[in-house]
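Visitor: This is the structure I want to talk about, given as structure tokens.
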Amino acid sequence: MTATATAKAANLGVLFAIELGALVAVGYWGFTRDLATPLTWLLGIGGPVVLAVLWGLCGSPKAKYKVRGAGRVGFEVVWFGAGVAALVVAGVYDWALVLALVCVVSKTLAVIWRQ
């Protein structure tokens, strides 16, 4: 396997990891709200479920309503941005920065490599 093929394969893993990272970030945000316990559970579980459904409908490779081109870019900016914003609101700025940087680098490589 060439170095480029290895890097492309690794980037596919990173792409999957940042998808999970955005879901975890929104869940963390929901569970750390200073609200009544039922509401934190609703936000902590409901937020990631909403994101997962949106990804399944519009963002996944087998999406029923697949978006392309500029619409895809906008969808992913909002979708991954929700994860970054959730971390910022939850007060974990370092992790928000890490998620944002990894998203930008990995998604840029995915575009270059047509992944």
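The values are calculated or read from the model by the stated rules, or taken from the named source; none is laboratory data. What you see is a predicted model; the values in this text were computed from it and never measured. Note: ideal-geometry Cβ built from the backbone for every residue, glycine included; neighbour counts use all protein chains shown. Keep in mind that these areas ignore ligands, DNA and RNA; they rest on the heavy atoms of the full protein, side chains included. Shrake-Rupley method; radii C 1.70, N 1.55, O 1.52, S 1.80 Å.
Visitor: Among 106, 28, 81, whose Cα sits farthest toward the positive end of the charge dipole of the chain (+1 at Cβ of Lys/Arg, -1 at Cβ of Asp/Glu, about the Cα centre)?
Guide: With unit charges placed on the Cβ atoms, the residue in question is 106.
Visitor: By the scheme Lys and Arg +1, Asp and Glu -1, what is the net charge of all other residues having a beta-carbon under 15 Å from that of residue 102?
Guide: Values: positive: 107; negative: 19, 76, 94.
That sum, taken over residues with Cβ under 15 Å, equals -2.
Visitor: Still on this structure, I have one more. I'd like to compare 20-28, 3-11: which one has the highest average count of other Cβ atoms within 10 Å, and what's the full order after that?
Guide: Details: 20-28: 20.2, 3-11: 11.7.
Highest to lowest by the protection proxy: 20-28, 3-11.
Visitor: Follow-up. Per residue, what accessible area does the chain have, given a 1.4 Å probe and all protein chains present, in Å²?
Guide: On the way: 7250 Å² over 115 residues.
Each residue of the chain exposes 63 Å² on average to a 1.4 Å probe.
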